[in-house]
Amino acid sequence: MTVYIDPPDWPGHGRMWSHLVSDVSFDELHVFADGLGVPRRAFERDHYDIPSHRYPDVVAAGAVEVSSREVVRLLTASGLRRPKGRRRA
């Protein structure tokens, strides 16, 4: 199982956030997030939003650190990308 996380560079709700993704399946991503106690409400379309204070925990649990650009590339290449404003097939 390999999941990926970008740096906590995304502002929102008074804090900074990372994106946790899988390049294999949403099931794999949910299993990893569940193991860390990340609530399902943190899942948004194709990724989990992870607050900056959890970043070290997620990396220690095995998430691979990549750039934000790489997160988008991985999601797109895997067919798991779900951009805002597009309907699911």
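The values are calculated or read from the model by the stated rules, or taken from the named source; none is laboratory data. All figures in this text were calculated on a predicted structure; none of them were measured in a lab. Please note: Cβ atoms are built from the backbone with ideal geometry, for glycine as well, and neighbour counts cover all protein chains shown. Only protein heavy atoms, including side chains, enter the accessible area calculation; ligands, DNA and RNA are left aside. Shrake-Rupley method; radii C 1.70, N 1.55, O 1.52, S 1.80 Å.
What number, rounded to the nearest 500 deg cm²/dmol, is the helix-based mean residue ellipticity at 222 nm of the chain, given -39500 (n - 2.57) per DSSP H run of at least four residues and division by all its residues?
Theoretical 222 nm ellipticity from helices: -8500 deg cm²/dmol.
Work out which trypsin sites (Lys or Arg not before Pro) in the chain are exposed loop sites (DSSP not H, G, I, E or B, at most 14 other Cβ within 10 Å) and give the longest gap free of them.
Longest site-free region, per DSSP loop and neighbour criteria: 1-44.
What does the accessible area of V64 come to, in Å² to the nearest 10, when a probe of 1.4 Å is used?
Surface open to solvent at V64 totals about 60 Å².
Taking amide H positions as placed in the peptide plane 1.01 Å from N, state which residues far from V3 in sequence (5 or more) or on other chains have amide H under 5 Å from it.
Those lying under 5 Å, H to H, from V3 are V64.
Give, as a single signed number, the net charge of other residues whose beta carbon lies under 15 Å from the beta carbon of G62, with Lys and Arg counted +1 and Asp and Glu -1.
-4
What does the charge add up to near S22, with Lys and Arg as +1, Asp and Glu as -1, over the other residues with Cβ less than 12 Å from its Cβ?
Counting the neighbours of S22, the net charge comes to -3.
Taking 1 over the mean of 1/r across every pair of different Cα atoms in the chain, what Kirkwood radius in Å do you get?
Every distinct Cα pair counted, the radius reaches 13.0 Å.
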